[in-house]
1. Measuring with a 1.4 Å probe in the full set of protein chains, what accessible area per residue, in whole Å², belongs to the range 41-81?
2. Based on the Cα gyration tensor of the range 119-171, what are the three equivalent ellipsoid semi-axes, each the root of five times an eigenvalue, rounded to whole Å and given largest first?
3. Heavy atoms only, probe 1.4 Å: what % of the accessible area of the range 46-172 goes to carbon and sulfur, would you let me know?
Amino acid sequence: MAKSHPSPPTAYRPCVGIMLLNKAGLVWVGHRFDEPNDEGSGEWWQMPQGGIDADEDPLKAAFRELAEETSIQQAELIAEAPAWLHYDLPAHLISRSFSGRYRGQTQKWFALRFLGEDHDINVHTPLGDVAEFDAWKWVPMHTLETIIVPFKLDVYREVVRVFGHLADQSVA
């Protein structure tokens, strides 16, 4: 009898994504604090994102994740993406990510305006349990697709399409 292999999961993990814009219209990105892997170590940056707790409102999850990953608590909502976006993990990462329970993530994206100062940002000892980033920077929105891990590229392109007009709305 042939040995059967478990089917790949079909579910997506519910998640939020945050495009944080500063007063100049630049986007916050963090450098992932990951072990070297076949996606490339030391190359990829991302916007804050994270899971939605059971019965948690997605917007509340966005503010919670932002604080947990960056210590930022000084932000306000400026836009919400109209649709949920999703990405699939590469096949070889499915069994290693999310305990093999999900094929990827479905994300509700929010654009938030950063109201604090750069010294308010702390990725080394954030408000969450574990640091997810080892560095951060502000970047022009149009450069996001050149620094994101390839399997998230389509989501980032859509987020830029939806929130692109916000980059031009700098705040005095």
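The values are calculated or read from the model by the stated rules, or taken from the named source; none is laboratory data. Predicted, not measured: the structure shown is a model, and the values here were computed from it. Heads up: the accessible areas ignore ligands, DNA and RNA and are worked out on the full protein's heavy atoms, side chains in. Shrake-Rupley method; radii C 1.70, N 1.55, O 1.52, S 1.80 Å.
1. On a per-residue basis, 46 Å².
2. 24, 16, 10
3. Working: 3280 of 6540 Å².
Answer for the range 46-172 is 50 percent, counting heavy atoms of protein chains only.
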